[in-house]
Amino acid sequence: MSPLRWDVSIIAANLARNFGFVVFPCDAHNHPMLKVWPGRASTDAVAISRLWHEHPGPLIGIATGKRSGVSVLDLDPEDPGAFLGWQDSHRRECPCAAYTRATRSSLVVPT
């Protein structure tokens, strides 16, 4: 990974930590760059810098659950239209949810 891309990742990771997200580096396919990421994910600027120096990755993972206050439901439908139908029919039950489409999956991210 080029030094510029690595620096941008650290900056973005620190922006995420400013919102209370516990972050760790991921590769271009959203896989953690280190096996022990649950124990090393952090909101500390020095620890984040160290993580990206030791395990440079272009993407930022966010630890979900109580640590970051974020829950994610990954639907991965065979038919993308099915997700859109589900989303429309469940808006009332999830009024504060943010819906997004990932590369090959559909995600519902309650915020």
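No value in this document is a laboratory result; all are computed from the given coordinates. The structure displayed is predicted, hence computed values, not measured ones. Don't worry about glycine lacking a Cβ; one is built from the backbone with ideal geometry, like all the others, and counts go over all protein chains shown.
Summarising the amide proton neighbourhood of residue 70: residues at separation of 5 or more, or on other chains, whose placed amide H is nearer than 5 Å comprise 65.
Let me know the charge dipole size of segment 3-62 about its Cα centre in debye, to the nearest 20, where only the beta-carbon of Lys, Arg (+1) and Asp, Glu (-1) is charged.
Numbers: 5 positive and 4 negative charges, 16 e Å.
Here the size comes out at about 80 debye.
Each label point was placed 7 Å from the Cα along the Cα-to-Cβ direction; for residue 78 and residue 35 their separation is 3.5 nm. Shape of segment 3-62 from its Cα gyration tensor (a ≥ b ≥ c, root eigenvalues): rounded if a/c is under 1.5, otherwise prolate when a/b > b/c, or oblate? In terms of gyration-tensor shape, rounded.
Once the other residues with Cβ under 10 Å from the Cβ of residue 51 are scored (Lys, Arg +1; Asp, Glu -1), what is the net sum? Counting the neighbours of residue 51, the net charge comes to 0.
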